[in-house]
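All remarks here apply to the structure that follows.
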Amino acid sequence: MSKFNGGVYEFLPSDKVGNRCKRVISRKGYADMPIIGQKTLLEDFEHRVKNNHIARFIILVGTPKSGKTFISSLLANKIVENLLSISYIDKSVDSIRNMLDTAYKVADDVVYIIDNADSMSQAAKNALLKVTEEPPRRAYIIMVVENIKNIPETLVSRGTVFIINPYSKEELN
């Protein structure tokens, strides 16, 4: 197990092609952590959850150190109640393909988070494109990126993009 962004994660056994992924074990303190800024984004997402209009493919875009990964975890936690249903996926093509194999077979809602997705290989992006053509009924994918220009337009057009704005001086004071 390891700590990351305030959560505790376990590393799952390697899959059939040797990729490792991690799964959230605990979010101790997440609910109590104050969120600075991002009021519009969080309200919009809360509204979508309340009305059951959650996109199956979400792209979070923000500058380095803007809290993208933390916010992706918060969004995932709002989508699924069961913390064991949130998986962080390695951005390798084999991990993406393995996710595709399992995403269509899950019985309960599951959220896959791909951090630093803008640095995925072209093969991994192409593999992800296949799942966005026909999204799985029980799976949600959150891509976390710094530079959306590194994501193919076809992927961007199939997702719901949320921009994480830089914090103002007032918000930080």
- Item | Search result, residues across the range 30-68 that are on the phi < 0 side of the Ramachandran plot, at pLDDT 80 or above, part of a loop (DSSP other than H, G, I, E, B) and charged (D, E, K, R) | R56
- Task: Could you tell me which numbered condition I58 fails, if it satisfies all but one of (1) touching a helix residue (DSSP H, G or I) at 6+ places or on another chain (Cβ under 6 Å); (2) surrounded by 21 or more Cβ atoms within 10 Å (Cβ to Cβ)?
- Result: (1)
- Query: So D109 fits all but one of (1) under 15 Å from the mean Cα position of the chain (by Cα); (2) at pLDDT 85 or above; (3) crowded, with 18+ Cβ neighbours inside 10 Å; what number is the exception?
  - Reply: (3)
- In the range 147-161, which residue that is surrounded by 12 or more Cβ atoms within 10 Å (Cβ to Cβ) and hydroxyl-bearing (S, T, Y) is farthest from K130 (Cα to Cα)? T160
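The values are calculated or read from the model by the stated rules, or taken from the named source; none is laboratory data. The shown structure was predicted, so the numbers you read here are calculated from the model rather than taken from an experiment. So basically every Cβ, Gly included, is an ideal-geometry build from the backbone, and we count neighbours across all protein chains shown.
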